[in-house]
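A.B. asks: The structure is given below, and queries will be raised subsequently.
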């Protein structure tokens, strides 16, 4: 589960930060988190598309085969 601004703030307070240092800590933590999320999204999009499409094609073939068997076509 992603951390919220309040959770980052709580982490900063636990580290003894306050004022501008706490605000900077929270903003930097959010930017870092967003950066990792963008990297992860890019990896999934670039590396996951082909396996996803192949899985969808296999599932479609399986469903069509099951439907044809139910109708007595026997593919």
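The values are calculated or read from the model by the stated rules, or taken from the named source; none is laboratory data. What you see is a predicted model, and the numbers here were worked out from it, not measured in a lab. No Cβ is skipped: glycine too gets one built from the backbone with ideal geometry, and neighbour counts run over all protein chains shown.
A.B. asks: Please go through region 16-33 and give me each residue that is surrounded by 11 or more Cβ atoms within 10 Å (Cβ to Cβ) and part of a helix (DSSP H, G or I), ordered by number.
C.D. replies: Scanning region 16-33 gives 21, 22, 23, 24, 25, 26, 27, 28, 29, 30, 32, 33.
Matching residues to (1) in contact with a helix residue (DSSP H, G or I) (Cβ under 9 Å, 6 or more places away or on another chain); (2) over 17 Å from residue 4 (Cα atoms):
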| site | (1), (2) |
| --- | --- |
| 17 | yes, yes |
| 20 | no, yes |
| 33 | yes, no |
| 55 | no, yes |
| 67 | no, yes |
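A.B. asks: Is region 39-50 home to any residue that is assigned to a helix (DSSP H, G or I), at negative phi and more than 16 Å from the chain's Cα centre (by Cα)?
C.D. replies: Within region 39-50, one or more residues are assigned to a helix (DSSP H, G or I), at negative phi and more than 16 Å from the chain's Cα centre (by Cα).
A.B. asks: Which pairs turn up if I take residues in region 54-73 that are modelled with pLDDT under 90 and look for partners that are not in a helix (DSSP H, G or I) with beta carbon separation below 6 Å, at least 6 apart in sequence or on another chain?
C.D. replies: Going by the 6 Å Cβ cut-off, the qualifying pairs are 65/75; 68/75.
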